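A quick write-up on the structure given underneath.
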Amino acid sequence: MKKFQEIVLNKESSTQHLYIQLYKALKDLMVEGRLRKGDRLPPIRKFANLLEVNNVTVVTAYRILEEEGLVYKKIGSGTYVAVDLWSNRKFQRYSNEDREEGLTEAPLIDQGHIQIEEDMINFASATPSTDLFPVDDFKQVLNEVLDRDKGLAFGYQESQGYYPLRCALNEYIDNYNIHAEVDNIQIISGAQQGIDIIAKGLLNYGDYVMIESPSYTGAMAVFQSRGAKIIDIPLEEDGLNLLDLEKKIATYQPKFLYIMPNFQNPTGISYSLAKKKKIIEIAEKHNLLIVEDDYLSDLNFYASNNATLKSLDHKDLVIYIKSFSKIFMPGLRLGFLVVPQSLYSELLLAKHATDISTSGLLQRALELYLKKGIWQQHIKYMEMQYRERFEKMIQSIQAYMPREVECNLPKGGVNFWLRLPNGLSSKKLYEAAVKENIVFAPGHLFFLNNRDTDCFRLSIAAVNPKEIHNGIKKLGGLIDFLIQDKGIYSKKADEYKPIL
Ligand SMILES: Cc1ncc(COP(=O)(O)O)c(C=O)c1O
C-alpha cells in the first residue's frame, strides 16, 4: 500500500483533472516497475478514501488504464495490472541488478558504459575534472550560510526553490535576455532531473517526443522510461533539418521537441540565429512546446551569437533547462527551469513527487555565491581553463587527424564530433583505442537505435591538457591503421562509468 500512499494529487490544478493525475501516477508506478503484471490495484472506495477524492475519480482513472490495455477487471475480484511496462523498456537489460547477476552479455560499450581507468587519456567524459572545482570559495559560503541560517538550512525547502535564489537567478538570466518572473523559476536537482520532471509532468505512455539525431543519451533514457515514442530529426551543420521537423510535427503531433541549440551534445553544433528564429516560428505555428537544454552556452569561445531559444520565445512555448554541472560542480546537483505559465503547476507537482525539494543548504550557498559575485570570477576562470584545452584540441586535430577524417570544428563548449572515412566503425576504433589507454565516446551511444556509426565524440572536459596532443596523435595513428585495415583488437572491461 505504501506506493499508493505516496501518490500526491494537486487538487488546485486548473489544467489537469484529478482522474488524469491519478491515471498518470499509476502509469508512472508501472513504468518504474513498482506495479508489475498481475499486481492488484486498490479497491475503489478504499483508494478514494486514501486519496481523499471522489470514487468517480478512481473509477475514471482505472477506466482509462483499461482502455489502454494496461489493466483488466476480474468480476468480483478487482482490477489488475495487465502488462509489465517495466520489462518493455529498452534500458531494462542494463539495470544494476542484471549487471550484478551477470545477466548482461553485450559488451559494456553497447550498454552505454565506458571503462575509464586512472591512467587513461580521457576524451570520453563531458564532466569537468575535479581540480577545476572552486572548493575553498564554496566552503566559505557554506560556513557563512550555516552561521547565518542555522537549522533553517536543514529544513524542507519550498518545492519551487529557495526564494532568494530564484530572485538571484531571475536577475542572472535577465543578462541573457531571458525576461521571466521569479514565479517561473523552478529549482531542480540538476538538468537530468529537469528533463525527468518535464517527462513525468507532461508525457503519457505512447506520446510522441521529438529529439535531434544524434542526441543526449540521458534524455533518451528518460523519454523511454516514460513509455514515450521517440522521433528523431537529423541535425545539419546549422541545426535541425526544418523540412523534416515540419513534416514530422504534422505526422506525429508530438508533446514536445527536446533540443540543445548551443554547442549541442554530442556534436558541438550551434544553431544559426536564422534557424533558431525559424524554429520559434514553427513552434508558434503548430503550438509546439520546446524543451531547450542549455547545459553549456556559457562556454562560448568564437561563436558570434549564442542566443538561447528562450530569449527569442515571445509566446511562452519554451521550457528552458539550465544546468550548472559543466561550468560549476556536477555533484552539487543544482540547476533551474524557466517554466511557461501554463505548465507551472504540472511541473511543480512532478518536482514535489520526485524529491520534495532540492537541498536547501546548497541552494542557500549558491545564492550567497551569486550575491557575492564569486560566480562571475569562476566563470572567467573556467573559460580560461577550457579555452586552453579547446585550442590545444583544435591544433591537435588539425595536426594529427588523417585528412580523411571529417570534423566541423565547434565554436565553443567541450565536445568535438568526428566522422571516420569509408564507413569505418567507431566502435572498432574505440576497442583499438582502449588498448592504447585512450577513451572517447563512440557515436552509436547517441543514436536512438544504437546503430553502429562512423562518428564519435571527443570531449575536452576531463582530459589533462598536457595529454591532448599525445592522445590525438595516437588516435590519429590508430585511425590511419584502421584505414589500412590492419585489424582491430578488444579488451575486457572491468570498471564502469556512465557517459554524460
Ligand atoms: C545535454 C545534457 N543535459 C543534461 C545533462 C545532465 O546535467 P546535470 O548534471 O545538470 O543533471 C547533461 C550531462 O552531461 C548533458 O550533457
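Quick check on the range 454-466: of everything there that is in contact (Cβ under 8 Å) with a residue 40 or more places away in the chain and surrounded by 18 or more Cβ atoms within 10 Å (Cβ to Cβ), which residue is farthest from LYS392 (Cα to Cα)? Once the filter is applied, the top-ranked residue is CYS455.
All but one of (1) assigned by TED's automatic domain parsing to the domain that holds ASN143; (2) closer than 25 Å to ALA462 by Cβ; (3) of a type in the set (D, E, K, R); (4) assigned to a helix (DSSP H, G or I) hold for LYS322; which doesn't? Of everything listed in (1) assigned by TED's automatic domain parsing to the domain that holds ASN143; (2) closer than 25 Å to ALA462 by Cβ; (3) of a type in the set (D, E, K, R); (4) assigned to a helix (DSSP H, G or I), LYS322 misses just condition (4).
The residues of the range 196-250 that are within 14 Å of the ligand (Cβ to nearest atom) and hydroxyl-bearing (Ser, Thr, Tyr), listed by number, are SER215, TYR216, THR217. Restricted to the range 186-195, and to residues there that are out of contact with any Ser or Thr (no Cβ under 7 Å at 6 or more places or on another chain) and more than 7 Å from the ligand (Cβ to nearest atom), the residue that is farthest from ILE173 (Cα to Cα) is GLY194.
Residue count for the range 352-370 satisfying the condition of being within 14 Å of the ligand (Cβ to nearest atom) and either more than 18 Å from LYS322 (Cβ to Cβ) or assigned to a helix (DSSP H, G or I) (or both): 4.
Pick from the range 320-340 the residues that are in contact with a helix residue (DSSP H, G or I) (Cβ under 7 Å, 6 or more places away or on another chain) and away from the ligand (no atom under 13 Å from the Cβ): which of them is nearest to ALA25 (Cα to Cα)? That would be VAL339. Filtered by the rule that a residue be touching a helix residue (DSSP H, G or I) at 6+ places or on another chain (Cβ under 9 Å) and among the charged types (D, E, K, R), the range 467-483 gives LYS473, LYS474. Filtered by the rule that a residue be over 21 Å from the mean Cα position of the chain (by Cα) and either in a loop (DSSP other than H, G, I, E, B) or small (Gly, Ala, Ser) (or both), the range 286-312 gives ASN287, PHE301, TYR302, ALA303, SER304, ASN305. Checking the range 140-154 against the condition returns no match, with no residue being under 25 Å from the mean Cα position of the chain (by Cα) and of a type outside the set (Asp, Glu). Each residue in the range 38-65 was checked for being loosely packed, with under 14 Cβ neighbours inside 10 Å, over 14 Å from HIS17 (Cα atoms) and out of contact with any helix residue (DSSP H, G or I) (no Cβ under 7 Å at 6 or more places or on another chain), and 6 pass.
Taking first residues from the range 137-161 that are touching a residue at least 24 places away in the same chain (Cβ under 8 Å) and partners that are part of a helix (DSSP H, G or I) and β-branched (Val, Ile, Thr), the Cβ contacts under 8 Å between residues at least 6 apart in sequence or on separate chains come to ASP137/ILE374; VAL141/ILE374; ALA153/VAL145.
If you go through the range 208-230 and pick out every residue that is modelled with pLDDT under 95 and assigned to a loop (DSSP other than H, G, I, E, B), you end up with 3.
The values are calculated or read from the model by the stated rules, or taken from the named source; none is laboratory data. None of these values were measured; they are calculated from a predicted model. Using ideal geometry, Cβ is built from the backbone for each residue, glycine included, and neighbour counts are taken over all protein chains shown.
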